[in-house]
Amino acid sequence: MSRDAGQAAVDRPAPARYRMAELERLSGVGREAIRFYIRKGLLPEPERPSRTMAWYSEEHLRLLRTIRRLREEELLPLAAIRAVLHDVASHPFSQRQQRMLRRMRQRVHREGGVARSSRGRAELAEALGLDREALRQAEEAGLIREGADDLSGEEEELLALWAEVRDAGLSRERGLGPRDMAMVAQAVDKVFGAELDIFSERLGDLSDAETDALLEVVIPNINRMFALLHGRRVRSFVESANAAGDTPADDD
């Protein structure tokens, strides 16, 4: 190493480190929540020089601020936040793409952001006939936020849709519950991962008008295509199963 490089290394400030109390103050997140996020894998383990001491980094502070914003502004459950954090970490965006994402976020918030439900968690659960176990499963499946009393309009609709599915016959008596809807979230994650690959690899130079069109046209159309293709897949399976059932049986 040259002397200049060695001097630069000496002059470079050491990475910031925080004790728990300071991390709470800077992030606005309480220590119990921080420990919960670590257990759930949303935050890395801190540096532990001893059993009674832990140091937290700038990465912890950045992630906590992101988690808090996603929970408070976007009303996302932890399962969705985990997916978002993974997506961001796995797709390094160019400065142009980051500007596009900021424009999209500003546009969404100007148009009202995420609507709040007019009913609280307990009132909605009572109206839909959902007990504590059903709500726990809904949290586990990522339909609603863990422990949230003020649900979003989106969370209310997801619970109402599940209640309709239950009333149609897919009930607990048949061994089914909201957690079985996790398959839908998994399908969404897979599709969105493919969309992110396209965005990060090929869509680095969209104009402002094209960026707006992502929200106005592209995303709604993809959602509709997904629904139509799923319906086609179900119909094809039913037709094939019926055709197989119509095959004459062999004579004994």
_Rolling a 1.4 angstrom probe over the protein chains, ignoring ligands and nucleic acids, what is the accessible area of residue 200 in square angstrom, nearest 10?_
30 Å²
*Exposure rank, largest accessible area first [226, 199, 93; 1.4 Å]*: 226, 93, 199
*asked:* Under a crude label model (7 Å from the Cα following the beta-carbon direction), how far is residue 19 from residue 168 in nanometres?
replied: 5.7 nm
*What is the distance, in nm, between label points placed 7 Å from the Cα along the Cα-to-Cβ direction at residue 122 and at residue 36?*
1.8 nm
*Note down the accessible area of residue 52, probe 1.4 Å, to the nearest 10 Å².*
120 Å²
*For a label point 7 Å from the Cα of residue 182 along Cα→C-beta, name the residues of segment 73-110 whose backbone N is under 20 Å from it.*
76-87
*asked:* Assuming 0.36 nm per residue, please report the length gained on full extension of the stretch residue 146 to residue 223 beyond their Cα-Cα distance.
replied: 25.1 nm
*Enter the accessible area of residue 20 (Å², nearest 10), with the probe set to 1.4 Å and all protein chains included.*
20 Å²
*Using θ = phi - 60° and the Karplus form 6.51 cos²θ - 1.76 cosθ + 1.60, what ³J(HN,Hα) does each residue of segment 85-91 get, whole Hz, x for Gly and Pro?*
4, 5, 4, 5, 5, 8, 10
*Over the Cα atoms of the chain, how large are the radius of gyration and the largest Cα-Cα distance (Dmax), in Å?*
23.9, 93
*Would you work out the relative contact order for segment 1-140, in percent, from Cα pairs under 8 angstrom that are 6 or more residues apart?*
19 percent
*Can you list the residues, at least 5 places off or on another chain, whose amide H is less than 5 Å from the amide H of residue 144, using H built in the peptide plane?*
139
*asked:* As a test of reading the structure, rank 40, 190 by solvent-accessible area (1.4 Å probe, protein chains only), most first.
replied: 190, 40
*FRET efficiency for residue 73 and residue 52, using Cβ-Cβ distance with R0 set to 25 Å, rounded to 0.05*: 0.10
*Give the ranking of 166, 65 by solvent-accessible surface, highest area first, calculated with a 1.4 Å probe.*
65, 166
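The values are calculated or read from the model by the stated rules, or taken from the named source; none is laboratory data. Here the structure is a predicted model, which is why all the values come from computation and not from measurement. Positions of Cβ are backbone-derived with ideal geometry, glycine not excepted, and every protein chain shown enters the neighbour counts. Side chains are part of the model used for accessible areas, which takes the heavy atoms of the whole protein and leaves out ligands, DNA and RNA. Shrake-Rupley method; radii C 1.70, N 1.55, O 1.52, S 1.80 Å.
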